[in-house]
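Inspection log for the structure reproduced underneath, given as structure tokens.
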Amino acid sequence: MKFYYDINLSFNDVYVNYYEWEDVEHFFRLPMFRVDNIRAILENKVEIDTDYKNIIVSDGVTAVALELIDKNVVYYSSLEYKDELRVNELVAYLDLTLEIKVLDKNPIKYISNIDKKKKFYIEEINKNEEYFIKYLYYEMTGDVLKSISKMKNYLLDDINNNFNDKYYQIYDIINVGE
């Protein structure tokens, strides 16, 4: 059994790239396993025969951390780039010892950074907070209308059809303060 030490992970019920993590947990030691194909785990609901709650699996190309509840994969975490490279090197010398049982088809769950930002804006706009709508509309157009509903409709349409770098900049100002 090989272990990987001192690793940061972000477990979610969807697969999220490490540069989009919001919450990070530090793990001091996790067991590593080699598998034939990581896609079998990501594309299906699977049961893994192990007594560990958290593991790292790799097919030598892609490595993913998994959180198991009653041997079922419930949460996924990508690995930081340097950790993924190192894990892929280390598992090359491991035997295929992990028993994986496919329970049901489960398409890959993935939320992109753009989708997260769009969701944030849509939720905030749908709260109908007048000052937020006016602020966002002004930042995007340089103007403010008298009708909140017209500004709201414009913003919702623009977010869904013309999402651009300006929205990222405003998101950073709102959430990070930069």
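Values as computed for the structure displayed
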quantity: Strands (runs of 3 or more DSSP E) completely within segment 8-65 that count 1 or more residues being exposed (fewer than 14 other Cβ atoms within 10 Å of the Cβ); calculated: 25-34
quantity: Pair list, Cβ < 8 Å and 6+ apart or interchain, from segment 46-58 residues that are of a type in the set (Asp, Glu) to residues that are assigned to a strand (DSSP E or B) and surrounded by fewer than 19 Cβ atoms within 10 Å (Cβ to Cβ); calculated: Glu47/Asn72; Glu47/Lys101; Glu47/Leu103; Asp49/Lys101
quantity: Conditions (1) surrounded by 18 or more Cβ atoms within 10 Å (Cβ to Cβ); (2) of a type in the set (Lys, Arg); (3) at positive phi: number failed by Lys71; calculated: (1)
quantity: Residue ID - farthest from Asn175 (Cα to Cα), chosen from residues in segment 115-158 that are surrounded by 15 or more Cβ atoms within 10 Å (Cβ to Cβ) and of a type in the set (Asp, Glu); calculated: Asp158
quantity: Selection from segment 51-66 of residues that are among the polar types (S, T, N, Q) and at pLDDT below 90; calculated: Thr62
quantity: Residue identified as at pLDDT below 90, hydrophobic (A, V, I, L, M, F, W, C) and in contact with a Leu (Cβ under 6 Å, 6 or more places away or on another chain) among Ile100, Ile108, Ile114; calculated: Ile108
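The values are calculated or read from the model by the stated rules, or taken from the named source; none is laboratory data. Keep in mind that this is a model prediction, so the values were computed, not measured. Neighbour counts run over all protein chains shown; Cβ positions are idealised from the backbone, glycine included.
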